[in-house]
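The values are calculated or read from the model by the stated rules, or taken from the named source; none is laboratory data. Note that the structure is predicted; figures quoted are calculated from it, not measured. Here the Cβ positions follow ideal geometry from the backbone for every residue, glycine too, while neighbour counts run over all protein chains shown. Surface areas here come from the heavy atoms of the whole protein model, side chains and all, with no ligands, DNA or RNA. Shrake-Rupley method; radii C 1.70, N 1.55, O 1.52, S 1.80 Å.
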Amino acid sequence: MRKRTYRFAAAVIVAAGILAGCSADDGEQRYAYPLGTASPEDTVTQIYAEKFAEEVDRLSEGRIKINVYPNSVLGGDRELLESCYDGDIPFVIQNTAPQVSFIDDTAVFDAPCVFGDIEAVRETVDQPEFLEKIKESYREAGFELLGYADQGFRVMSTNREVTEFADFKGQKIRTMEDAYQLSFWKELGANPTPMNFSEVYIGLQQHTIDAQENPYEVIVSNRLYEQQDYIIETNHVPHLISLVVSESFFSELSEEDQQILIEAEAIAKEYARAQSDERIDDRIQTIRDSGTEIIALEDEVREQMIQAAEPVYEEIREVVDPEIYRLYAE
């Protein structure tokens, strides 16, 4: 049934002009498969996607081609995931946050203040035991996870200096529309407010909100720092970027082609991570040059954040496989 579903979906995509057909010398019909993201072109997500497509083309000697469609051309994050599940879009790259309502175990990535540096995050998500366990969770939901790149940590921007735990109190901060992240900021004493991202700059400008949280890349690409006096390196959660494949599509591939996708992702992931590190350094310099101050929190403040977040850890432990939680957060 899943095979017939995919073939029907592929026919729909061909009709829409997204899945481009071509004939090889032997007359065999071949296709350039779509990869969808909701991110703009000038992002690590796009770098990850383009490198993956490039490596798939190289490793398959041109037999498998992938066309990248950024900027929500094929839908927003939720629509992309639903289309991937249905087999309409074989490849999707996105942050893990939209996946929580589809895959319970991805809530583990909302556990706040678990890591002190991004290398520790990368070592954890690459660790074979953890990776295989989380891949099983994706498979049960109808997806094949290939791996995770990242855009570093999410940080807070604000017009109020934060050097002590009490300084979070009362700040109206725009957050992801994610129950665990909302709970985290409430436990810090802040007033978390979900808001469409397109409204954030104006919200900061008009003081509808005091603060927001995002990775450095997003803060600079959307010029949010222009409306903020401080960047607080809360580093509360990593901004992981997942590369997922429709399970129905992946299962129909030969073992050789599956290995090509796996190898291509491994190369693209390392490349994207290196690019992310370089771009973060550049973004930090852009922010400093603008006059916005960057504040690194003291260990004592971070420990208070961890203690305050205990109810959030409990919420996450209730829905996440205990072994996955142990491997990631303990």
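Among the residues of the range 159-171, not a single one is of a type in the set (Val, Ile, Thr) and either closer than 13 Å to residue 214 by Cβ or at pLDDT below 95 (or both). Residues in the range 174-211 that are surrounded by 22 or more Cβ atoms within 10 Å (Cβ to Cβ) and among the charged types (D, E, K, R): 1 in all. Mind checking which pairs have a first residue in the range 201-214 that is in contact (Cβ under 8 Å) with a residue 24 or more places away in the chain and polar (S, T, N, Q) and a second that is surrounded by 12 or more Cβ atoms within 10 Å (Cβ to Cβ) and in a helix (DSSP H, G or I), Cβ under 6 Å, 6 or more apart or different chains? Pairs found: 212/200. Return yes or no: is residue 105 touching a residue at least 40 places away in the same chain (Cβ under 8 Å), of a type outside the set (Phe, Trp, Tyr), buried (at least 17 other Cβ atoms within 10 Å of the Cβ) and more than 19 Å from residue 270 (Cα to Cα)? Yes: the conditions hold for residue 105.
So, in the range 218-237, exactly how many residues are open to solvent by 10 Å² or more (accessible area, probe 1.4 Å) and either touching a strand residue (DSSP E or B) at 6+ places or on another chain (Cβ under 7 Å) or closer than 22 Å to residue 38 by Cβ (or both)? Here the count works out to 10. Listed by position, the helices (runs of 4 or more DSSP H) contained in the range 266-330 that have at least 1 residues being of a type in the set (A, V, I, L, M) and open to solvent by 40 Å² or more (accessible area, probe 1.4 Å) are 299-308, 310-319. Residue 36 satisfies every condition listed in (1) within 17 Å of the chain's Cα centre (by Cα); (2) open to solvent by 10 Å² or more (accessible area, probe 1.4 Å); (3) touching a residue at least 24 places away in the same chain (Cβ under 8 Å) except (2). Taking the criterion of being under 18 Å from residue 72 (Cβ atoms) and assigned to a helix (DSSP H, G or I), the residues of the range 93-109 that qualify are 97, 98, 99. Of the helices (runs of 4 or more DSSP H) contained entirely in the range 115-219, those carrying at least 1 residues that are within 30 Å of residue 249 (Cα to Cα) fall at 118-126, 128-140. Residue under question is residue 251, and the condition is that it be open to solvent by 60 Å² or more (accessible area, probe 1.4 Å), on the phi < 0 side of the Ramachandran plot, over 20 Å from the mean Cα position of the chain (by Cα) and hydroxyl-bearing (Ser, Thr, Tyr); does it hold? Against the criterion (open to solvent by 60 Å² or more (accessible area, probe 1.4 Å), on the phi < 0 side of the Ramachandran plot, over 20 Å from the mean Cα position of the chain (by Cα) and hydroxyl-bearing (Ser, Thr, Tyr)), residue 251 qualifies.
Need the failing condition index for residue 65 against (1) surrounded by fewer than 21 Cβ atoms within 10 Å (Cβ to Cβ); (2) under 19 Å from the mean Cα position of the chain (by Cα), just the number. Against the list (1) surrounded by fewer than 21 Cβ atoms within 10 Å (Cβ to Cβ); (2) under 19 Å from the mean Cα position of the chain (by Cα), residue 65 comes up short only on (2). Out of everything in the range 126-154 that is crowded, with 21+ Cβ neighbours inside 10 Å and of a type in the set (A, V, I, L, M), what residue ends up being farthest from residue 265 (Cα to Cα)? Per the stated criteria, the residue is 134. Can you confirm whether the range 224-232 contains a residue that is assigned to a strand (DSSP E or B) and not hydroxyl-bearing (Ser, Thr, Tyr)? Yes - at least one qualifying residue is present in the range 224-232.
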